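In what follows, a single structure is set out as structure tokens and then discussed.
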Amino acid sequence: MTKARSILDAIGLSSLSQAKKETLIQMTILSVACILAFSARLFSVLRFESVIHEFDPYFNYRTTKHLVENGYYDFHNWFDDRAWYPLGRIIGGTIYPGLMVTASCLFNFLNFLNITIDIRNVCVFLAPLFSSFTVIVVYFLTKEVKNAGAGLVAASMIAIVPGYISRSVAGSYDNEGIAIFCMLLTYYLWIKATKTGSISWSLLCALAYFYMVSSWGGYVFLINLIPLHVLTLMITGRFSHLSTLLTLLRTVLEPSSQCRSPL
């Protein structure tokens, strides 16, 4: 931090207050981590071309293309005779649609802004984009638990951790590409809700959990760890806000788990 402050002094920003300098340094480091997270996942595109890799990502791409071309109702009731051949597959009841809906919404948003892009390219670059979002969420999550310095370290590490890169490279259009973001976002909002007891934070946490449930079967990690955290809070006597929080979460979480999970 001392070297960073000296650099700020050298480029003429010494007139800023101490708090503004620290905020500027934190935003700069976080921005670099986001750019690094995105660019580190583009080597497959730079070396070869913008293509969908592997079998599951290509199936997800096919379903996303069908969603964009035919709408959600037809997508939900679509019987795909090319999947699980020769039996076929009922798409609406056997997939987690969060990935496809996310890509479709991003595609429609870009078209609304008159940015012409093929749905395939949206699918290719969706995971690297969400890895940058994950960096931001990890920063705020760790900052909430510890402090801003620890948040910057955690954000920088998640940007380059090999295990996460392997599941979010460009072209790997699979559920984990957005699910890691959803999971960490839910954890962050859960901690904010337990600390403040705010209904707004609790509702946001429930909606983030719904997004997670619709995106990946790993939502069981959330539904197992949250009760363990609640039990720990009750044992340690820190459960003043839990009644309101759990009532709201139970109202939203259980129906969302049952409605959006594949059969």
*Select, from Val51, Val122, the only residue that is in contact with a helix residue (DSSP H, G or I) (Cβ under 8 Å, 6 or more places away or on another chain), open to solvent by 30 Å² or more (accessible area, probe 1.4 Å) and at pLDDT 85 or above.*
Val51
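Given Tyr72, Tyr61, which one is under 22 Å from the mean Cα position of the chain (by Cα) and over 21 Å from Glu176 (Cβ atoms)? It would help to see each step written out before you state the result.
Values: Tyr61 fails: over 21 Å from Glu176 (Cβ atoms).
Answer to the selection: Tyr72.
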*How many residues does the stretch 110-149 contain that are of a type in the set (Gly, Ala, Ser) and under 20 Å from the mean Cα position of the chain (by Cα)?*
3
*Return the only residue of Ser44, Ser15 being over 22 Å from Ser132 (Cβ atoms) and either exposed (fewer than 13 other Cβ atoms within 10 Å of the Cβ) or at pLDDT below 90 (or both).*
Ser15
_Of the criteria (1) over 20 Å from Gly171 (Cβ atoms); (2) among the aromatic types (Phe, Trp, Tyr); (3) open to solvent by less than 30 Å² (accessible area, probe 1.4 Å), which one Phe130 fails_ = (1)
_Just to be sure before I move on: is Thr134 without any contact (Cβ under 8 Å) to a residue 24 or more places away in the chain and hydroxyl-bearing (Ser, Thr, Tyr) in the structure I sent?_
no
*List the number of the failed condition for Ala170; all other conditions in (1) touching a Leu at 6+ places or on another chain (Cβ under 6 Å); (2) more than 23 Å from His76 (Cβ to Cβ); (3) assigned to a helix (DSSP H, G or I) hold.*
(3)
*Close pairs from the stretch 194-216: first in contact (Cβ under 8 Å) with a residue 40 or more places away in the chain and assigned to a helix (DSSP H, G or I), partner open to solvent by 80 Å² or more (accessible area, probe 1.4 Å) and of a type outside the set (Lys, Arg), Cβ under 8 Å, at least 6 apart*: Ala206/Thr251
*Residue in the stretch 50-70 that is in contact (Cβ under 8 Å) with a residue 60 or more places away in the chain, among the acidic types (Asp, Glu) and over 21 Å from Ile158 (Cβ atoms) present*: yes
*Scan the stretch 88-101 and give yes if some residue there is within 18 Å of Ser168 (Cα to Cα), hydrophobic (A, V, I, L, M, F, W, C) and buried (at least 22 other Cβ atoms within 10 Å of the Cβ), otherwise no.*
yes
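Taking the stretch 102-119 on its own, how many of its residues are farther than 29 Å from Met157 by Cβ, of a type outside the set (A, V, I, L, M, F, W, C) and crowded, with 19+ Cβ neighbours inside 10 Å? Explain how you work it out, then say what you get.
In the first step, residues of the stretch 102-119 are kept if they are farther than 29 Å from Met157 by Cβ; the result is 104-105, 107-119.
Narrowing the set further to residues that are of a type outside the set (A, V, I, L, M, F, W, C) leaves 104, 108, 111, 114, 116, 118.
Next, from what is left, pick out any that are crowded, with 19+ Cβ neighbours inside 10 Å: 104.
Qualifying residue count for the region: 1.
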*Hits in the stretch 150-164 - residues which are closer than 22 Å to Trp190 by Cα and either among the aliphatic types (A, V, I, L, M) or under 13 Å from the mean Cα position of the chain (by Cα) (or both)*: Ala150, Leu152, Val153, Ala154, Ala155, Ile158
*Which numbered condition trips up Gln26, out of (1) modelled with pLDDT under 85; (2) closer than 24 Å to Lys143 by Cα?*
(1)
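The values are calculated or read from the model by the stated rules, or taken from the named source; none is laboratory data. These numbers come from a predicted model, not from an experiment. Glycine also receives a Cβ, built like all others from the backbone with ideal geometry; neighbour counts cover every protein chain displayed. Heavy atoms of the whole protein, side chains included, go into the accessibility calculation; ligands, DNA and RNA do not. Shrake-Rupley method; radii C 1.70, N 1.55, O 1.52, S 1.80 Å.
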